[in-house]
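Reading through the structure tokens given below for one structure.
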Amino acid sequence: MASSVALDTTLTALSGESRPLEEWLTTFHLASVVLDPFTNESSWVLQPATRILEAFRGADVRVNLIVTCTPDEAKQFLGPLVDKFLVFCDPDRRFVRGLGVATLPAFVFVRGDGSVHAAAEGWDPAAWRAVAESIAATTSWIAPTIPVAADPSPFHGTPALG
């Protein structure tokens with residue numbers, strides 16, 4: 001896991017708007033769930049991931065999904081979630097590489113200075129809870145319960161760089 005992401009790394013929103021990470025962090029930290037839409041593992045974690053991000057919607061953090069695909073593929077994979085969350089597309093996995101994650105799905109908290117404050121890879125509920133608690137402590141928010149009964153069993157995930 002990287003200790004920080006280069007602030008000049010470009011993130012492109014589903015809408016096509018591209019900005020350096022530094023500009024996406026101007027007002028809020030990032031609470032990101034990183035998904036590979038071409039794997040079963042990312043689809044298995046989609047429901048708990050969106051539940052967790054919803055819990056932080058009012059906090060001083062920009063909740064978002066980062067998908068390692070094109071905008072059209074993201075729309076196909078996420079369906080109506082594209083209207084509920086900020087979605088970034090990273091088809092060449094530059095941002096994923098910058099994060100230094102080895103396994104997807106991942107839950108990552110990037111602070112306003114670009115530092116990777118907390119991260120969890122695969123679906124490890126205890127690790128995801130630690131990331132959520134880090135976000136909650138930083139933003140003076142309440143962390144959601146992780147896991148809940150409907151969540152999947154823990155699993156390792158798939159290689160982040162494809």
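Where a number appears in this text, it was derived from the coordinates with a stated rule and is not lab data. Small disclaimer: the values here were computed from a predicted structure and weren't measured. Here Cβ is always computed from backbone atoms with ideal geometry, including for glycine, and neighbour counts include all displayed protein chains.
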His29, His117, His156 arranged by Cβ crowding within 10 Å, fewest neighbours leading: His156, His117, His29
Backbone HN-Hα couplings from phi across region 64-81 [Karplus 6.51/-1.76/1.60, Hz, Gly and Pro as x]: 7, 10, 10, 10, 8, 7, 7, x, 5, 5, 4, 4, 5, 6, 8, x, x, 5
Estimated translational D of the chain in µm²/s (Stokes, Kirkwood radius over Cα pairs; 37 °C; 0.692 mPa s): 215
Counting DSSP beta bridges with both ends in the chain, the antiparallel % (nearest 5): 65
Cβ-placed point charges (K, R +1; D, E -1), dipole of region 10-159 about Cα centre in debye, nearest 20: 140
Relative contact order for region 10-159, counting Cα pairs under 8 Å that sit 6 or more residues apart, in percent: 28
Stretch gain in nm, segment Glu73-Glu133, where the contour uses 0.36 nm per residue and the Cα spacing is subtracted: 18.5 nm
Paramagnetic reach from Thr26 in region 47-67 [backbone N under 17 Å; point 7 Å along Cα→Cβ]: 61-63
